[in-house]
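Written out below as structure tokens is the structure these notes cover.
The values are calculated or read from the model by the stated rules, or taken from the named source; none is laboratory data. Predicted, not measured: the structure shown is a model, and the values here were computed from it. As a convention, Cβ positions derive from the backbone with ideal geometry for all residues, glycine included, and neighbour counts pool all protein chains shown.
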Amino acid sequence: MTKSSERMTSMPVGVVLRRTKGVTRWAAWHWKPTAIIPGASAADWLVLRDKGGTTDFHAATLPLELHRKETEAYLASLSMDPPSVYVILRPAEEASHPHDVEPYAVTASAYEAQDYLDSGEEIVEPVPAPPGLVAWIHAFAQTHHVEDNFKKRKRRNWTQHTEDGRGDIRVRQDADVYRAPGAIKPKPVH
């Protein structure tokens, strides 16, 4: 079910998408990830439920990868109420695609999800993680997490620096690059 190595581990998870009628004339459908299925087998838009204009699909099975350097982000996701993973959807690239969106990725990293949100091209939604998946992510994070202690930088003493006079407001000279052009008086021409 899972592939493991020293630096990362991976588990296939099924993405369940809910399709409802759009509320505007510009969007025929509204898509929302509603669940994930840990350890799911491959699927290609398998209809799970179709009732009253709402259809639930097992749209795809994608790998959920955990990397040891991102444990802080996983702990941030697990601290949410409820603990969540994120599903990233992209608009369908092919015009012949039967649906408007395609599942692109699943991540347990709140920071990675924020990066996708910043691009503005993807749909990123948190989905509550099942208890078994929460335990798997938590165990990985606890095994590999290294607390990064805050180190305050020590300020260097200003008097230790030498100034050559360029750009230093304490030194008057005509070649000061930071002086406003209006402050320089033109020399009289004879």
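Side notes on the structure shown:
- Being of a type in the set (A, V, I, L, M, F, W, C) and either more than 30 Å from Asp148 (Cβ to Cβ) or touching a His at 6+ places or on another chain (Cβ under 9 Å) (or both) holds for only one residue in Ala110, Ala42, Ala76, and it is Ala42.
One line per residue, one yes/no per condition, for (1) of a type outside the set (D, E, K, R); (2) surrounded by fewer than 17 Cβ atoms within 10 Å (Cβ to Cβ); (3) free of Cβ contacts under 8 Å to residues at least 24 places away in the same chain; (4) at negative phi:
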position: Asp81; (1), (2), (3), (4): no, yes, yes, yes
position: Val85; (1), (2), (3), (4): yes, no, no, yes
position: Asp100; (1), (2), (3), (4): no, yes, no, yes
position: Ala105; (1), (2), (3), (4): yes, no, no, yes
position: Ser109; (1), (2), (3), (4): yes, no, no, yes
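- Checking each residue in the stretch 38-69 for being closer than 15 Å to Ala108 by Cβ, surrounded by 15 or more Cβ atoms within 10 Å (Cβ to Cβ) and at pLDDT 90 or above picks out Pro38, Leu62, Leu64, Glu65, Leu66, His67.
- No other residue among Leu48, Leu64 is closer than 30 Å to Gln142 by Cα and in a strand (DSSP E or B) apart from Leu64.
- Within the stretch 1-22, considering residues that are surrounded by fewer than 10 Cβ atoms within 10 Å (Cβ to Cβ) and more than 25 Å from Pro128 (Cα to Cα), the one modelled with the lowest pLDDT: Ser5
- Apart from one condition, Ser41 fits all of (1) in contact (Cβ under 8 Å) with a residue 60 or more places away in the chain; (2) assigned to a loop (DSSP other than H, G, I, E, B); the exception is (1).
- Scope the stretch 33-57; condition under 22 Å from Pro82 (Cα atoms), under 25 Å from the mean Cα position of the chain (by Cα) and of a type outside the set (Val, Ile, Thr); matching residues: Pro33, Ala35, Pro38, Gly39, Ala40
- Subset of the stretch 86-108 [hydroxyl-bearing (Ser, Thr, Tyr) and closer than 12 Å to Val124 by Cα]: Tyr86, Tyr104, Thr107
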